[in-house]
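Enquirer: Dumping the structure here so I can ask a few things about it.
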Amino acid sequence: MRHAPGMRMLAVVFESSATEQRPAVVYDDVTSLEIAGLRVPLQGNGSPAIDLRQTKDAWIRDGRSPREAPSLVNVTGSDSAKILVSGCDLLGSKPPVTPAADVAPATATLANNVVSRNSP
C-alpha cells in the first residue's frame, strides 16, 4: 500500500510458500495505519512480517511474530514517526522492531507485548 491515509487491516491471515522472499505487508508513505490480528508464516529469507516506509501514526496490535523472524516490524525513512506495537506475541522475533539508521530511536514504542524473559 502506498500514499494512503487511514488504512485498517483487521484479522488477516497470510499464507505463502516457504521460499517467499518478501515481507507479508509493505506500507510506504502511509498515515494513520492500524494493523490488528495479523498472522503470517515465517518468510523464506527471514524477512520481517511488516515493512513500514515513511509511515506515520501506526498502531500494530494483537499480532504474532513468525517464529525465528528477525523482527515483526522493519521501519525505514526519516519521516517515520509515532509507531506503536502493543498486545503482540513477540516471542518469535528478536528484536520486535528493527529501525533503519535514518529512523529516530523514539519512533517506535512497545507496550504490553508478550516477550521472552531474555528480551531487552
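Every number in this text was worked out from the coordinates using simple rules, so none of it is lab data. Since the structure is predicted, the reported quantities are computational estimates derived from the model, not experimental observations. Methodologically, a virtual Cβ is constructed for each residue, glycine included, from the backbone with ideal geometry; neighbour enumeration extends over all protein chains shown.
Enquirer: Kindly state, to the nearest 0.05, the FRET efficiency for Q21 paired with V114, given R0 = 35 Å and r defined as their beta-carbon distance.
Expert: On the way: r = 28 Å, r/R0 = 0.79.
Working from the Cβ atoms, E equals 0.80.
Enquirer: Same structure again: Name the residues whose placed amide hydrogens come within less than 5 Å of the amide hydrogen of K82, ignoring near sequence neighbours (fewer than 5 apart) on the same chain.
Expert: The answer is D57.
Enquirer: Just to be sure I understand the model, the point goes 7 Å from the Cα along the line to the Cβ. What's the resulting D89 to F14 distance in nm?
Expert: Distance between label points: 1.8 nm.
Enquirer: Quick check: from the Cα gyration tensor, does region 2-111 come out rounded (a/c under 1.5), prolate or oblate? Let's see the in-between values first.
Expert: Values: a/c = 1.44, a/b = 1.35, b/c = 1.07.
Since a/c stays below 1.5, the shape of region 2-111 is classed as rounded.
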